[in-house]
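The values are calculated or read from the model by the stated rules, or taken from the named source; none is laboratory data. Since the model is a prediction, treat every value here as computed from it, not as a measurement. Here Cβ is always computed from backbone atoms with ideal geometry, including for glycine, and neighbour counts include all displayed protein chains.
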Amino acid sequence: MANVTMTVNGKPVTATIDPRTLLVQFLRENLRLTGTHVGCDTSQCGACVVHLDGKAVKACTTLAVSCEGASVTTIEGLAAGGALHPMQEAFREHHGLQCGFCTPGMIMTAVDMVNRRGNALDEATIREDLDGNICRCTGYHNIVKAIAAGAEAMGEPARQAAE
Amino acid sequence: MYAFTYHRPASARQAATLLGKKEDAKLLAGGHTLLPTMKQRLAAPTALVDLSGCLDLKGIAQKGRNLIIGAMTTHAEVANSPVVRDAIPALAYLAGHIGDPAVRHRGTIGGSVANNDPAADYPAALLALGATVVTNRRKLSAAEFFTGLYETALEEGEVILRVSFPVVSKAGYAKFRNPASRYAMVGVFVAKRGGEVAVAVTGAGEGGVFRWPEAEAALKARFAVKSLDGLAHGADGINADMHADAEYRAHLIGVMARQAVAMATGK
Amino acid sequence: MSATGIGAPVRRKEDHRFITGQGRYTDDINRPGQAHAFFLRSPHAHARLRSVDTAAAAAMPGVLGIFTGEDLAADKIGGLICGWMIHSKDGTPMKAGPHPALAQGKVRYVGDHVAVVVAETLAQARDAAEAITVDYEVLPAVVDTAGAAKAKSVVHDEAPDNTVFNWHLGDKAATEAAFAKAAHVTKLDLVNNRLVPNPMEPRAAVGDYDDGDGVFTLYTTSQNPHVARLVLSAFIGIAPENKLRVIAPDVGGGFGSKIFIYAEETVCVWAAKKVGRPVKWTSDRTEAFLADAHGRDHVTHAELAMDADGRMLGMRVHTTANLGAYLSTFSSSVPTYLYAPLLSGQYDIPAIYCEVDAVYTNTAPVDAYRGAGRPEATFVVERLVEMAARQLGKDPAKFRMQNYIRQFPHQTPVIMMYDTGNYAASMKKALELADYKGLAKRKRDSARRGRLRGIGFSSYIEACGIAPSAAVGSLGAGVGLWESAEVRVNPVGTVEVLTGSHSHGQGHETTFAQLVSDRLGVPIENVSIIHGDTDKVQMGMGTYGSRSGAVGMSAIAVALDKVIAKGKKVAAHVLEADEADIEFADGHFAVKGTDRKLDFGSCALQAYIAHKFSGQELEPGLKEGAFYDPTNFTFPAGVHICELEIDPQTGVTTIERWSAVDDFGNVINPMIVEGQVHGGIAQGVGQALLEGARYDGDGQLVTASFMDYCMPRADDLPSFQVGMTVTPCPSNPLGIKGCGEAGAIAAPPAVINAITDALGHEDIAMPATPQAVWRAARRTVSRLAAE
């Protein structure tokens, strides 16, 4: 067993875990944060994407013990103070989800995309950067629309000022 | 996964010591090959030495005519580094097209090189650029380092510290991705350094990454896409799977080589 | 149209929980004291089980129980069933081999269930499974669809030639006569590639047993929890229906693969009582590839006969359909009644004859996958029609329009009575959307850049709703295919609707609420849709075959009519008027010709307080139910046009433009309908260009992960142009036809027709991978060079 301490969605967490515990298992089973999902065994589907120290990673391919001292944000931690994050809002507004299973990973990937590339995202860029996220329901059409709109909304001055 | 003990040293020296002490220990870099393999119970190390705390293995610097990249530097860091983009833009391009954005945040150059997956991108860059792999024990040229499919010259207890790339005048990389896995089905890196030209091919060789001498000779005469017209790689020694047989892969080597030269020459 | 009523693009009510990570999927559910199950699966495609030794494994840490097929048999737990009886041409019933949840005597595909280990943790269960010693006598595997009937090895003793049935439909003599007088015959051999459904949520099950009252509870990833309870109770024998509760909570996509009753959930719920603990199993993706039911897998020869003017005279089709190692829940219906009755397409074809040979192989069971039979039929029809047009030198759009059915109702020679449609309207609109007139120029531009550009049409029709019950019963279905609804109006006018439909991405919590809001005039936020729990909803048939709108919502509509009728009676008492004078509109019961009225909420309150009428003349309360059985299938139809470009250097195909015009009848929520079309097209493009499950000669699945099975990614697809035409469906009260499967049905032939147009020859199979297209394009390039 090994001890691990990290910050998850702004709250400090300490646990004693089997070293083979993956970050996604730690989130789902130890912390009961079940919004992060597992959709494959090969690090390809992206249903498990969370932010580790501000960067999108696949929680199914990261050991929880490796996250010692790190800050983790999951889909549950994205809405600040009850207000939806603009990217969450954009997914709803543009019907960017159907069954909802890939959605948390999509949204976390989308926010990371904006963090990396800024607020003006064209269709080709969005599609290329969704390489690591698979959706079986939407055909991606509305996900692409939602991300473009969410990216733009994230750059709106009012919100920047508030943050 | 099978059970293992976990160690997170703070330096490469500590990592090497731990690696030497533990039977069946493995180094954990970005984990994007090792962890999936362990999840499938196809690898069963009894100890994992996690290098993520070794800050001395991270970082990018240009020293004279060499670009030095620490083993634990992630693909995203290489792709976005102004130093790399300035010194060898094709290398930044290559790193920016490995896996997907989340993979690039975790995967490292050291992990990729040590694993020597025949479909990985970095081996082609190291071989074509004539890079040097620096370990805790010695320096190895890329040609010495990559010895076969998933095989390297690394010995028991040896730890990669960094990779040193000579800065070249022209370089380009093009890959054709496996439609399913998105790994390189064929990747070609071309580099021109002085009068020398190197063309390295990943994804396609039965024995892993290899050089294409005929293309090198043609490009040495004149470094232009046109020089490769009419030149085709043979299917001998080219691997085959359900996604691409040897003939198709061999053909793609030529196509990717032309695209890589086009990138290198800005055409 | 109100902002939340029928026809409005209402944003989904269910989304809040999904975008905030609060969806509740089966794997999110944990029961106190829960143990974990791991299934030991066969590594061999075909083997006799000489012995299964679990002694060493049983002694391993954390192990609570290890069970094999013998344990199930000892408890008299029955095998999995196939619920649709098909008879062969000679009248004999289909040959169904046994399908035990855990293998008995033999394993028949890689991934077949040899034993289950239940342990404190999943890792312990997996460790113990590795300690089970199985002595396999490996037998030759039957893998090839076309060759199965002649294989030396036999999958089931009940079917000595590996043939489940030799079935046929249509008038053979009339069809032969049509061919005899034909001026032109187009012939085609094609393979409909085998697919793995791959909903993003892998299957999962949590079985629980309450010893106090003897009740089993099963949480499961199901599209139809009531059918699961029926089968688990009445056929498999877990417990009587009143002692078995099945809950299908949020389900992360199904596409057919979660209709079926599988071994894993059967074993989990049974084992919960055996070990006295809740038992959980969650599939990993590799298990999903191995053991979820696959789709398609047909080998077909088809011919189309035409007269000298290009009028279609007849069609004959022979198909061999691979059903895998066992007959899954609805497998037998897919290559028969969901397939051959669609072979008339949108065309007036006087004579059609179709033969289907269904075979067993040592591969995963094959059953319904999005479209189920109809994509296979559409691929045959639309490839044949496109080829025929080319051979006759006719424009493919004009050739289709020449042969479209124009009079309705139309009786096809293969069972179906098409009720309504306007196929030419969809075609004309699609041609505009696709800028068909500009195609020649775009082709020239592509050619200048060394690319091959092509356009492909697909004029599809499908039969949805999968009802009426009497009709499907006459065709062999073991169940009726109506749907149920119960509308519970609360005392202050909020509404709960219990439906037998199940939503796993379709947005029922929104669209069904729109209907209620529209009909009752109550705010949409005052309406809750409840589904997926057999303790709440009495009975239902579930969601598949694009039936939830046409059948499920129609049941709600009928129940709402009853609520309004009852409300009128209540209002008549309250307003002291004659019931016949009460009108209901805009959420108010009013007395005709007066200003006396009662809003819906007040009426509900009056119904519950019952002060204004005696219980003898009118029952208190406001709750009504309906079981709705439609009068016909529904027939959504449309035209999809795919335009693409091929790079002959690499074989990469890029879809440049997708223009779809669909007629789904009346639409409740166009935003959701378009989303369904997008997703369907993506799956159809996946079949055409990317996806294909492949077994090697030994029956090993070589595409068992996303590393080798190519799922459509965002950069494989374009944005889609989607348009609609509307001919309301006359077979249900809402005029709805259904939209869930259209894209998956329409897309594959549109893509392949476009590729063959670009190539200038017909020699390409699905999936048209870069390698296959490169090879095919080499022939084109060398021919062009020679010209």
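Tabulated results
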item: Per-region count, region C:573-621, residues loosely packed, with under 13 Cβ neighbours inside 10 Å and polar (S, T, N, Q); result: 3
item: In region C:702-719, the residues that are charged (D, E, K, R) and either more than 7 Å from every other protein chain (Cβ to nearest Cβ) or on the phi > 0 side of the Ramachandran plot (or both); result: C:D716
item: Some residue of region C:537-551 being under 21 Å from the mean Cα position of the chain (by Cα), assigned to a loop (DSSP other than H, G, I, E, B), surrounded by fewer than 24 Cβ atoms within 10 Å (Cβ to Cβ) and on the phi < 0 side of the Ramachandran plot; result: yes
item: Output for region B:174-211, where each listed residue is part of a loop (DSSP other than H, G, I, E, B) and closer than 28 Å to C:D708 by Cα; result: B:N178, B:P179, B:A180, B:S181, B:R182, B:Y183, B:G203, B:A204, B:E206, B:G207, B:G208, B:V209
item: Matching entry among C:T543, C:T511, C:T499 (being hydroxyl-bearing (S, T, Y), closer than 18 Å to C:A228 by Cα and out of contact with any strand residue (DSSP E or B) (no Cβ under 8 Å at 6 or more places or on another chain)); result: C:T543
item: Enumerated strands (runs of 3 or more DSSP E) restricted to region C:607-679, each holding at least 2 residues that are under 23 Å from C:E741 (Cβ atoms); result: C:637-647, C:652-663
item: Among (1) over 17 Å from the mean Cα position of the chain (by Cα); (2) facing another protein chain (nearest Cβ under 7 Å) - the single one A:T21 does not satisfy; result: (2)
item: Any hit, region A:71-79, residues being in a loop (DSSP other than H, G, I, E, B), out of contact with any helix residue (DSSP H, G or I) (no Cβ under 7 Å at 6 or more places or on another chain) and either at negative phi or surrounded by fewer than 20 Cβ atoms within 10 Å (Cβ to Cβ) (or both); result: no
item: Hits in region C:276-292 (condition: buried (at least 23 other Cβ atoms within 10 Å of the Cβ) and of a type in the set (V, I, T)); result: C:V279
item: Failed item, numbered, when B:V159 is tested on (1) buried (at least 20 other Cβ atoms within 10 Å of the Cβ); (2) under 29 Å from B:D245 (Cβ atoms); result: (2)
item: Candidate set: region B:100-115, residues that are more than 7 Å from every other protein chain (Cβ to nearest Cβ) and within 19 Å of B:R177 (Cβ to Cβ); chosen: the one surrounded by the fewest Cβ atoms within 10 Å (Cβ to Cβ); result: B:N115
item: Condition broken by C:K150, with the remaining ones in (1) over 21 Å from C:F39 (Cβ atoms); (2) touching a residue at least 40 places away in the same chain (Cβ under 8 Å) satisfied; result: (2)
item: Long-range neighbours under 7 Å by Cβ, at least six apart or interchain, first residue within 11 Å of chain C (Cβ to nearest Cβ) within region B:242-264, second aromatic (F, W, Y); result: B:Y248/C:W774; B:L252/B:F176; B:M256/B:F176
item: Residue within region A:103-120 that is within 14 Å of chain B (Cβ to nearest Cβ), acidic (D, E) and under 18 Å from the mean Cα position of the chain (by Cα) present; result: yes
item: Index of the failed condition, A:E76 passing every other in (1) at the interface with another protein chain (Cβ under 7 Å from one of its Cβ atoms); (2) within 28 Å of B:R182 (Cα to Cα); (3) touching a Ser or Thr at 6+ places or on another chain (Cβ under 8 Å); result: (2)
item: Total residues in region C:149-168, condition in a loop (DSSP other than H, G, I, E, B) and crowded, with 17+ Cβ neighbours inside 10 Å; result: 6
item: C:S446 at pLDDT below 95 and of a type in the set (S, T, Y); result: no
item: Residue tally, condition more than 14 Å from chain B (Cβ to nearest Cβ) and not in a loop (DSSP other than H, G, I, E, B), over region C:739-781; result: 20
item: Identity of the residue in region C:227-269, crowded, with 23+ Cβ neighbours inside 10 Å and of a type in the set (S, T, Y), that ends up farthest from the other protein chains (Cβ to nearest Cβ); result: C:T266
item: Boolean, C:R400 is buried (at least 19 other Cβ atoms within 10 Å of the Cβ) and either of a type in the set (G, A, S) or in contact with a Ser or Thr (Cβ under 6 Å, 6 or more places away or on another chain) (or both); result: yes
item: Test: residue in region C:68-79 that is at pLDDT 95 or above and within 25 Å of the chain's Cα centre (by Cα); result: yes
item: Boolean, A:I134 is within 14 Å of chain B (Cβ to nearest Cβ), buried (at least 16 other Cβ atoms within 10 Å of the Cβ) and either modelled with pLDDT under 95 or more than 20 Å from A:C40 (Cα to Cα) (or both); result: no
item: Matching residues, region C:478-499, being in contact with a Gly (Cβ under 7 Å, 6 or more places away or on another chain) and either surrounded by 20 or more Cβ atoms within 10 Å (Cβ to Cβ) or without any contact (Cβ under 8 Å) to a residue 60 or more places away in the chain (or both); result: C:E483, C:S484, C:A485, C:E486, C:G493, C:T499
item: Residue satisfying condition, being touching a Ser or Thr at 6+ places or on another chain (Cβ under 6 Å), among the charged types (D, E, K, R) and closer than 30 Å to C:G111 by Cβ, within set C:D367, C:D419; result: C:D367
item: Failed criterion for B:F223 (all others in (1) buried (at least 16 other Cβ atoms within 10 Å of the Cβ); (2) free of Cβ contacts under 8 Å to residues at least 60 places away in the same chain; (3) out of contact with any Ser or Thr (no Cβ under 7 Å at 6 or more places or on another chain); (4) not in a helix (DSSP H, G or I) hold); result: (3)
item: Inter-residue pairs, beta-carbon under 9 Å, first at positive phi and in region C:372-400, second acidic (D, E), 6+ apart; result: C:A372/C:E741
item: Unique residue being assigned to a strand (DSSP E or B) and under 30 Å from C:V231 (Cα atoms) when the list is C:T320, C:T336; result: C:T320
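Okay, residues lined up against (1) outside any loop (DSSP other than H, G, I, E, B); (2) of a type in the set (G, A, S); (3) over 19 Å from A:P12 (Cα atoms):
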{"residue": "A:T34", "(1), (2), (3)": "no, no, no"}
{"residue": "A:H37", "(1), (2), (3)": "no, no, yes"}
{"residue": "A:C40", "(1), (2), (3)": "no, no, yes"}
{"residue": "A:G46", "(1), (2), (3)": "no, yes, yes"}
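For every residue, the table says whether it meets (1) within 11 Å of chain A (Cβ to nearest Cβ); (2) of a type outside the set (D, E).
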{"position": "C:S659", "(1), (2)": "no, yes"}
{"position": "C:G665", "(1), (2)": "no, yes"}
{"position": "C:I668", "(1), (2)": "no, yes"}
{"position": "C:E674", "(1), (2)": "yes, no"}
{"position": "C:A682", "(1), (2)": "yes, yes"}
{"position": "C:V685", "(1), (2)": "yes, yes"}
{"position": "C:Q700", "(1), (2)": "no, yes"}
